[in-house]
Amino acid sequence: MNELARQGRSQTIAISISVILISMFVIAFYHIPHDSVDPKKFFQQIVRFVLTLALLYFLFQGKNWARITLFVLFLLAMISGFILLFLPIPLAGKVPFLVMIIIYGLGAYNLYFSRSFKAYFTYLNSKNGQSIN
């Protein structure tokens, strides 16, 4: 693995950890203000979290469909974050949305435009004997 691919791997790991932390934050802080946990909503959030982990796993296996799926989901999350910025809440309440926009924006950039990620993804696919189509 060359230096550019190593840098791509490091960036992808950092973004993946950030996405996992955002998902955990959403699960935890959705239920904290409520007196009881809504089992249906909690189950839904756990399924979403597990699917996120699965997509990240397949991304690190070099699966192009996982890269494209995550890219689209990151774009949708960014758009949602921008929309949520216009809610009539105090500025402090908008900080998580700003963080979400930044993390998912960096993730989308990394997955589709970053030269270092492309080098890492090429390395993964050559290691697994797959093409990058």
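Read the figures in this text as sums done on the coordinates, not as results from a lab. Predicted model only: the values in this text are computed from it and were never measured. All Cβ positions, glycine included, derive from the backbone under ideal geometry; neighbour counts span all protein chains shown.
Tabulated results
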{"read-out": "Potential extension, Ala14-Asn64 segment - 0.36 nm per residue separation minus Cα distance", "value": "16.1 nm"}
{"read-out": "Dimensions in Å of the range 3-128 - Rg and Dmax from alpha carbons", "value": "16.1, 51"}
{"read-out": "Cross-link pairs Lys40/Lys127; Lys41/Lys63; Lys94/Lys127 - those with Cα-Cα distance over 32 Å", "value": "Lys40/Lys127; Lys94/Lys127"}
{"read-out": "Value of relative contact order over the range 3-128, rounded to a whole percent, pairs C-alpha under 8 Å and six or more apart", "value": "45"}
{"read-out": "Helix runs (DSSP H) in the chain reaching 24 Å along axis by Cα, Kyte-Doolittle at least 0.0", "value": "3-31, 39-60, 64-84, 91-112"}
{"read-out": "Test item: Cα-centred dipole of the chain, Lys/Arg +1 and Asp/Glu -1 on Cβ, debye", "value": "380"}
{"read-out": "Cβ-based charge dipole, the chain, positive-most Cα from Ile68, Ala54, Leu91", "value": "Ile68"}
{"read-out": "Local electrostatic count at Val26 - Lys and Arg +1, Asp and Glu -1, tallied over other residues with Cβ under 13 Å", "value": "+2"}
